[in-house]
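See structure below.
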Amino acid sequence: MLRLCALMNNLMYGLNADADESTHHQILAQLCGPQSLVYPRLRPLLSTRWVLHRQQFLIVAKEALLHCSQDGKDPSPGDDLLRVFLMANDQSHQSQGPMSDPQREQLRIISEFLPLMESSRFYPFVHKLVRPYLLLTHACRETDPFDLRLLFEQSTGVPLEVYFALVYASSVAKAQDFNFRNFVRHPESFGLSTRWFQTTTVPPNQLDAFLADVSGSVEELAGLAKHFDRGITDFTVFKERPMYRDGNNFYPIDLSFLAEKCESGLFWRVHNHLRPDERPQFHSYWGELFQRYVNWLLTNAVDQRRNRFTASPHYADRGGDEVCDGIVLCGNGAVLLEYKGSTFTAQAKYDGDVDLLKEEIDRKLIRPKGVGQLSRAATRLFGKTPQQMKELNISFTPRVFPLLVVRDDIGGALMLNAYLNEHFEATLHRKELSTSIAPLVCISADHLESVAGFLKTKRLTDIIEARYAADRELKSTFLLVRNRILGQNARGLPPVIRYGLEELMNLAIRLIRPSD
């Protein structure tokens, strides 16, 4: 069953956010078989409704690990097998029911929809494949307190660049040739054999260490599934080991989880390798790396005419205090930016415990950081006793736009922006300010990378105003609502990610491709 779920998942989705319609219909017909009594009733509905989707496959695969014996019979086509997936669909959304307290209701919606959005591939995982490599090459410094390359290799036995190259090659490059037609002709194309890996120039000991880190046997995956069982939509087991190992063959359960190993693998492998007393400093350092990365991204994205970017501006009369992480000046206003690179725990995101989620959001995004920093900056710059900045003068700015950038996927969760803005409004004394302050807007790192691709031709203030105009209650996420300034191209692959993919391809060619 595990292999069947992995096969259908990868055939339908591959590395794409949306499933292929033709492949869905072919898989459904094969799943039901010619004797099915249900399929003839479903077929007329397929033009408007789909029966199968990624979350179903992951739920069934996880439940099989938790409850099925390895000695069971191979699944065969028929209505009983279809009913298994339809039953999984019924379990995919478990609601606690509305809460009377408005803020707790917001948190309930965040906790319920975050795993649903993750499992639907709402978050563009290609960004997670590329961003850590860009962070490594454009944000790390030789004087940093942590040597990521050394610590990662000590933890995994694989040099960091080799790990990135292998993830890229075994997910992006391999997936390009995997489709329904090729599978029918060559069923072996689904898996990766040890022979495929041995064609690379990577030393055997590093290959073994890489495969041990990204794959697991049925027994190992079942053990992880029991350990990471925080709810029906907690797929941490497949994020930890995105490939199923069967003898000398490796079957990707989900290609996007494999691609995401670059980001999750880098952070958590180093985190777990450090002593407990070193981890708080590492978390701070990780946030600093993200700040450098966003500053590099925006510096290269703006035209310094429509959008003038200044990284880490300082107060003129407060020693070395930073005003905020960055400021973008446009013709009609200024954007105050704060970046939060914190990683949220799986417990907070998947346990369904509203109090636990609230504590982590408040600590990592509101007090004293994030929301609190933006509120204090607005008050100091435009309050009763306004303070000046060293680098620039924004005293007569007609409107200020607070923008919070969140690296973790939670930054793109439904209702999070509304929750954060309520806290922002509660701490901001608007009547005491000398300029207009827009509502606080939250944006995920993925969406900021997409928006950055427009900053040579569009003003950031106009983009933020359009986001707010389309969703004044701020219940949605930045690019989920239609933005009249960005148009239809807002969710395309942005320039910085295309650049990163090309860099990763060149890295893979240089490090693992055999010489001719």
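The values are calculated or read from the model by the stated rules, or taken from the named source; none is laboratory data. What you see is a predicted model, and the numbers here were worked out from it, not measured in a lab. Neighbour counts are summed over all protein chains in view; Cβ atoms, including those assigned to glycine, are modelled from backbone coordinates with ideal geometry. With ligands, DNA and RNA removed, areas are computed over all heavy atoms of the protein, side chains included. Shrake-Rupley method; radii C 1.70, N 1.55, O 1.52, S 1.80 Å.
An ellipsoid equivalent to region 382-457, defined through the eigenvalues of its Cα gyration tensor, has semi-axes of 26, 18, 10 Å when rounded to whole angstrom and sorted largest first. Which of (i) 42, 27, 21; (ii) 51, 24, 21; (iii) 40, 33, 19 is the computed semi-axes √(5λ) of the Cα gyration tensor in Å for the structure on display? So the calculated entry is the one marked (i). For the chain, the carbon plus sulfur part of the accessible surface works out to 49%, probe radius 1.4 Å. The DSSP beta bridges internal to the chain are antiparallel in roughly 55% of cases.
How would you classify region 1-89 from its alpha-carbon gyration tensor, with a ≥ b ≥ c the square roots of the eigenvalues: rounded for a/c under 1.5, else prolate if a/b is greater than b/c, otherwise oblate?
oblate
Rolling a 1.4 Å probe across the protein heavy atoms gives the chain an accessible surface of 44 Å² per residue. For the chain, find the longest principal axis of its Cα atoms and tell me its angle to the long axis of helix 79-91, 0 to 90°, nearest 10. Its long axis makes an angle of about 20 degrees. Ranked by the mean number of other Cβ atoms within 10 Å per residue, highest first, peptides 391-401, 411-421, 365-375 order as 411-421, 365-375, 391-401. The packing ranking of peptides 443-453, 143-153, highest mean first, is 443-453, 143-153, where packing means the average number of other beta carbon atoms within 10 angstrom of each residue. Can you check what the net charge comes to around GLU473, using other residues whose Cβ is under 14 Å from the Cβ of GLU473 (Lys, Arg +1; Asp, Glu -1)? Neighbourhood net charge equals -1. Each Lys or Arg adds one and each Asp or Glu takes one away; over the other residues whose Cβ falls under 10 Å from the Cβ of LEU365, this sums to +1. Each peptide in 333-345, 472-484 receives the mean, over its residues, of other Cβ atoms within 10 Å, and ordering these scores from highest gives 333-345, 472-484. Kirkwood radius, region 445-508, all distinct C-alpha pairs, inverse of mean reciprocal distance: 12.7 Å.
Per-residue ellipticity at 222 nm, computed for the chain from helices alone with -39500 (n - 2.57) per DSSP H run of at least four residues, works out to -15000 deg cm²/dmol.
Summing charges over neighbours of SER342, with a neighbour being any other residue whose Cβ is under 14 Å away from its Cβ, gives -1 when K and R count +1 and D and E count -1.
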